[in-house]
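This is the structure I have questions about; it appears just below.
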């Protein structure tokens with residue numbers, strides 16, 4: 001065999017080896033791409049399955065309510081004691097003998113009235129201080145009271161006012177004598193019986209004059 005033939009055979013062998021190596025690299029690249037596609041497909045399938053069987057927020061709230069309301073020995077939630085002071089906005093003088101009402105209310109539908117989940121009340125002392133005792137409440141006070149608590153001050157000289165702010169561990173209720181006339185008109189829906197939750201009934205008994213009874217001759221038995 002001549003030297004020329006020998007060198008030609010070596011070149012052909014080297015070309016075959018190089019071609020085999022290129023083919024292997026291409027196959028490896030294709031295998032890597034296929035593996036990535038498989039991983040992405042598995043993740044997508046897992047997410048779709050989780051979304052399909054994930055509980056809705058309503059179901060979570062319903063289960064929580066059932067847990068609080070029906071679990072053995074569970075009596076709902078407990079509201080902590082709330083302390084504060086009622087004062088005049090301008091002078092800072094204490095407001096004695098005022099009714100303080102706290103509401104826990106939920107979200108209404110559209111322009112409808114918001115449901116009241118719980119209410120508690122007390123009257124202020126001579127120095128304007130008040131304390132709402134700790135007490136138990138139904139589970140919806142915690143689950144549905146998205147707008148509470150709300151505090152209101154009721155007094156003959158101030159009407160119904162809701163100017164309240166928290167100062168550390170206590171609350172400060174302020175009565176503005178300048179808007180007392182308008183605040184007294186805010187009591188009209190309570191006096192007419194348009195609101196009928198526990199807090200509203202207490203405000204009606206505290207601030208509204210008793211309704212005169214009709215004469216017996218005008219009463220109609222049903």
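Please order 201, 85, 36 by the number of other Cβ within 10 Å, starting at the fewest.
Values: 201 14, 85 19, 36 10.
So the residues, fewest neighbours to most, are 36, 201, 85.
Turning to a different aspect of this structure: Take 130, 206 and order them by how many other Cβ atoms sit within 10 Å, fewest up front.
Fewest-to-most Cβ neighbours within 10 Å comes out as 206, 130.
Every number here is computed from the coordinates shown, using simple stated rules; none is lab data. All of these numbers come straight from a predicted model, not from anything done at the bench. Cβ atoms come from the backbone with ideal geometry, glycine included; neighbour counts cover every protein chain shown.
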